[in-house]
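This report refers to the structure that appears directly beneath it.
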Amino acid sequence: MSRWVLHVDLDQFVAAVEVLRRPELRGRPVVVGGDGDPSKRGVVSTASYEARAFGVHSGLPLRTAARRCPDAVFLPVDRESYEAASSEVMATLRQFDAVVEVIGWDEAFLGVDTPDPEAVARRIQARVRGATELDCTVGIGHNKLQAKLATGFGKPAGVFRLTGRTWFEILGDLPTDALWGIGPKTARRLTGMGIGTVRELAAADPHELATRLGPATGPWLVRLARGQDDSPVVGTPYVARSRSRETTFQLDLEDWDEVRRELVLLARRVAQDVAADGRPVGRVVVKVRYAPFITRTHGHALAAPATEAFVIEQAAVAALGRFTERRPVRLLGVRAEFVR
Ligand SMILES: [Mg+2]
């Protein structure tokens, strides 16, 4: 018997839920985003594998998606249906003799004691499919980092094991942003320091990285590259870290008084979500996407944790005040981060 971490990740979750209720869409490129009208502005939430083959991915403007894949079926986002499907999947996972840590609506870690993690993974897949008709991929590792990364190699509907024994064989020559937690920005900084691959990062001197990237971040990056992660699988219920709303404007807002008015409306909607949640907010972040598609964010920390609408609104306005460029705006977003 040994301790394993399994990472369960639903395959093309949102698109899969849509295909389930519209079986005629199976095998066709499906794009979910905005209100489902690709002639309008908005971004892709999820694309089916068939649509991804045309270069359509989440975050892409709907119009670009329509250009890349004119035959795609476009559907509006139906959050409630996805949440219902998600709850059913998570309830299924909780039937296993395991610690279940839900980390998003379509993924969870399971801490399992078993001599045969592949067998458990196959049982999970079968039971999730039986309960919801949805496919998932299961990554297996000795820690969360390994399991999470393993999943990427098992897609779709597969099972993949990644441990310290196979870590460098599988990941060693990949760029550092193949690691969970390293984005393109950090990867670029590392490249600038002569560190291009996971193997090179693993061999880097943690002290040197600490001086260049920060005392916590530097050594953490090296541990990441070595596949080390001692964070436990925690069975406490999943709680969202923030509430957010965003709007894409059909015409760019050129008048910044109007930007401010729209921001206030958005902040009020977020404040309603926060009130429903009942937890205090510590920071409000505003996202501005300038035309054509350049995104910037600025945050404002509250003087004291608060739930009141006017405080959230004022914080959003303060964050907006940090945007100095007054160019036309295509999208606005407000995120209220809960105090942890
Ligand atoms: Mg997924």
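Nothing in this text is a laboratory measurement; each read-out follows from the coordinates by a stated rule. All figures in this text were calculated on a predicted structure; none of them were measured in a lab. A quick note on method: Cβ atoms are made from the backbone with ideal geometry, for glycine too, and the neighbour counts reach across all protein chains shown.
Convex hull volume per residue, computed on the Cα atoms of the stretch 169-225, equals 66 Å³. For the chain, with a Gaussian network of springs between Cα atoms less than 10 Å apart, report the residue from Gly227, Gly235, Gly214 with the top mean-square fluctuation. Among Gly227, Gly235, Gly214, the largest mean-square fluctuation in the Gaussian network model of the chain belongs to Gly214. Under a Gaussian network description of the chain, with springs only between Cα atoms under 10 Å, the residue in Leu213, Leu25, Leu110 that fluctuates furthest is Leu213.
For the stretch 242-338, the relative contact order is 46 percent, taking Cα pairs closer than 8 Å that sit 6 or more residues apart in sequence and dividing their mean separation by the residue count. Sites counted here are GluC sites (Glu not before Pro) in a DSSP loop (not H, G, I, E or B) having no more than 15 other Cβ atoms within 10 Å; the longest part of the chain that contains none of them is 1-132.
Under 15 Å Cα to Cα from Lys40, which aspartates and glutamates show up? Leave out anything in the same chain fewer than 8 places away. Candidates past the 8-residue exclusion: Asp252. Kirkwood analysis of the chain, using all unique Cα-Cα pairs, places the hydrodynamic radius at 22.2 Å.
Between Leu134, Leu171, Leu62, the Gaussian network model of the chain with springs among Cα atoms under 10 angstrom shows the greatest mean-square fluctuation at Leu171. Long hydrophobic helices in the chain: none of the complete DSSP H runs spans 18 Å or more by Cα along its own axis with mean Kyte-Doolittle hydropathy of at least 1.0. Let me check against my output: what whole-number percent is the relative contact order of the chain, with C-alpha pairs under 8 Å and at least 6 apart? Here the relative contact order equals 14 percent. Listed by chain and number, the aspartates and glutamates placed with their C-alpha closer than 15 angstrom to that of Lys185 are Asp177; residues fewer than eight positions away on the same chain are left out. With one equal scatterer per alpha carbon and no solvent term, the Debye-computed log10 I(q)/I(0) for the stretch 14-78 at 0.17, 0.18, 0.25, 0.26 1/Å reads -0.44, -0.49, -0.98, -1.06. Rounded to 0.05, the FRET efficiency of the His207 and Thr236 pair, given R0 = 35 Å and the Cβ-Cβ distance, is 0.50.
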